[in-house]
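The values are calculated or read from the model by the stated rules, or taken from the named source; none is laboratory data. Keep in mind that this is a model prediction, so the values were computed, not measured. Quick reminder, even Gly has a Cβ in these numbers, built from the backbone with ideal geometry, and neighbours come from all protein chains shown. In case anyone asks, the SASA skips ligands and DNA or RNA and just uses the protein heavy atoms, side chains included. Shrake-Rupley method; radii C 1.70, N 1.55, O 1.52, S 1.80 Å.
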Amino acid sequence: MSTALDQALPRPLPQAGGEAPDRVSDFPAIPEGWAYLDTAATAQKPQVVVDAITRAYGETYATVHRGVYQRSADMTVAYEQARKAVARFIGAGSPDEIVFVRGATEAINLVATCWAGTQLKAGDRILLSMLEHHSNIVPWQMIAEARGVAIDVLPLTPDHCIDLDAMERMITPAHKLVALGHVSNVLGSVLDAKRATGIAHAVGAKILIDGCQSVPRITVDVTAIGCDFYVFSGHKLYGPTGIGVLWAKPELLDAMPPYQGGGSMIDRVSFAKTTYAPAPGRFEAGTPHIVGALGLHAAIDYVESIGLGAIHAHETALVTAAREALSGINSVRLYGPADSAGIVSFTIEGVHPHDIGTILDEERVAIRAGHHCAQPLMEALGVEATARASFGVYNGPADVDALVRGIARVTRIFG
Ligand code: PMP
């Protein structure tokens, strides 16, 4: 690839303390020469996260909240420190507003069941957008069907962002809940979450923001946004799978009934009457993913040690370089806005995205091809699927080069 392209790309990502990250030792599962461009599906794990998990299972492991022995008390402190780290990371008012769940999917289902399932009634409406991930569509459809609620869908602007002018026109006092993605997992479009929240609140609607693709890429401050619910998954934030976060305003958590019954979520149990623990315990029935929370804490520390400003600038430079190089290839069609956060979706005329993915794999470039769990968006874009390259802290100019070289080979094969 050209020197000009090299020069357009960022220098190695700066770390706190001014040291450039050593990509190989930071990310043991990325071998040299493999361009991992599927971070929007799940991020590779830095060594510090792997170490935190290994240490938790190998040295300090015990249950939380119940043990009377020191090891369990120490583990409880570590688990609760993870909750504090999450609260600080997203600007929550208190760690008590942080509910640990399995991931964004479970968080949205929890809100659909415990908030929408108890607050919405026939005739109410829910407002979503055309670019939502299935996990921010299907739970609402299930609850809407059960309660006689209607769903409306916001269109996209010509550059593939959620159309907030249309939101202003479409929203009515019948809309009780709005649920929107902060960053699209297909297009990388960034929502003006504060403006969307203002529009929702103007008619008295609550708003949930799906932060799966935003927390690894842009600074998130739920207090500044002013939203009501915010959800994300740990595994896209360089943390483990099986751990995620629901943040909600304390008064909403207090008003919501439990999601599941079991141990840990109770105040007192008797066959005559059971009472429940306050939030967040009320929503964390059973033995939690203790080590997952510790791994997530290590991931947050890792991301904060680099800084989300630096990560965003790094990914933006990679996206700009990739879009620039790909737009020079006639048969390539790009989707999403030019200032997409970390994600480039594209199709090649006459080539199925799965074939693009397979040929790129032969070139040691890992991308995602398919509908990306966003079938309504695919329909709106008039395609069955797209190819998607998504970037993370470990990617660099060589990965963009490899992507562009691989796509040149695809066009030669099919040309
Ligand atoms: N929302 C968005 C925007 C996503 O990208 C994803 C994961 N692809 C999800 C929700 C669901 O996350 P999970 O599968 O980790 O629950």
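Points worth noting:
- Qualifying residue in segment 95-102 (condition: at pLDDT 95 or above, within 17 Å of Lys206 (Cβ to Cβ) and open to solvent by 60 Å² or more (accessible area, probe 1.4 Å)): no
- Subset of segment 246-289 that is of a type in the set (A, V, I, L, M) and assigned to a loop (DSSP other than H, G, I, E, B) - its residue that is nearest to Leu208 (Cα to Cα): Met256
- Checking each residue in segment 399-415 for being open to solvent by 40 Å² or more (accessible area, probe 1.4 Å) and either aliphatic (A, V, I, L, M) or touching a His at 6+ places or on another chain (Cβ under 9 Å) (or both) picks out only Ile413.
- Subset of segment 205-245 [open to solvent by 10 Å² or more (accessible area, probe 1.4 Å), more than 13 Å from the ligand (Cβ to nearest atom) and not in a loop (DSSP other than H, G, I, E, B)]: Lys206, Thr223, Ala224, Ile225
- Residue that is farthest from the chain's Cα centre (by Cα), among those in segment 62-92 that are polar (S, T, N, Q) and over 15 Å from Leu296 (Cβ atoms): Gln70
- Residue within segment 383-398 that is open to solvent by 20 Å² or more (accessible area, probe 1.4 Å) and part of a helix (DSSP H, G or I) present: yes
- Inclusion of Gly91 among residues that are open to solvent by less than 30 Å² (accessible area, probe 1.4 Å) and at positive phi is warranted.
- Against the numbered list (1) open to solvent by 10 Å² or more (accessible area, probe 1.4 Å); (2) in contact with a strand residue (DSSP E or B) (Cβ under 6 Å, 6 or more places away or on another chain), Gly198 comes up short only at (2).
- Taking the criterion of being within 18 Å of Glu304 (Cβ to Cβ) and buried (at least 21 other Cβ atoms within 10 Å of the Cβ), the residues of segment 73-84 that qualify are Ala82, Arg83.
- Residues that are within 14 Å of the ligand (Cβ to nearest atom) and touching a Gly at 6+ places or on another chain (Cβ under 9 Å), drawn from segment 112-132: Ser129, Leu131, Glu132
- Residue match in segment 114-136 (condition: in contact (Cβ under 8 Å) with a residue 40 or more places away in the chain and more than 29 Å from Pro257 (Cβ to Cβ)): yes
- Taking each residue of segment 359-373 that is in contact (Cβ under 8 Å) with a residue 60 or more places away in the chain and looking for partners that are hydroxyl-bearing (Ser, Thr, Tyr) and not in a helix (DSSP H, G or I) with beta-carbon atoms closer than 6 Å, six or more apart or interchain, yields Ala366/Tyr36.
- When the criteria are applied in full, Tyr259 fails the requirement of being touching a helix residue (DSSP H, G or I) at 6+ places or on another chain (Cβ under 8 Å), open to solvent by 50 Å² or more (accessible area, probe 1.4 Å), over 29 Å from Ala341 (Cβ atoms) and without any contact (Cβ under 8 Å) to a residue 40 or more places away in the chain.
- Complete set of residues in segment 135-145 that are open to solvent by 10 Å² or more (accessible area, probe 1.4 Å) and within 8 Å of the ligand (Cβ to nearest atom): Ser135
- Qualifying residues in segment 362-382 (those that are charged (D, E, K, R) and assigned to a loop (DSSP other than H, G, I, E, B)) - the one least open to solvent (accessible area, probe 1.4 Å): Glu363
- Test: residue in segment 63-79 that is more than 16 Å from the ligand (Cβ to nearest atom) and within 25 Å of Thr223 (Cβ to Cβ): yes
- Test: Phe100 is under 15 Å from the mean Cα position of the chain (by Cα) and farther than 16 Å from Gln213 by Cα: yes
- Of the residues making up segment 315-334, those that are in contact with a Gly (Cβ under 9 Å, 6 or more places away or on another chain) and open to solvent by less than 10 Å² (accessible area, probe 1.4 Å) number 3.
- For segment 92-108, taking the residues that are among the charged types (D, E, K, R) and under 13 Å from Pro278 (Cα atoms), the one that is nearest to the ligand (Cβ to nearest atom) is identified as Glu97.
- Close pairs from segment 384-405: first under 9 Å from Ala35 (Cα atoms), partner open to solvent by 10 Å² or more (accessible area, probe 1.4 Å) and among the small types (Gly, Ala, Ser), Cβ under 7 Å, at least 6 apart: Val400/Ala325
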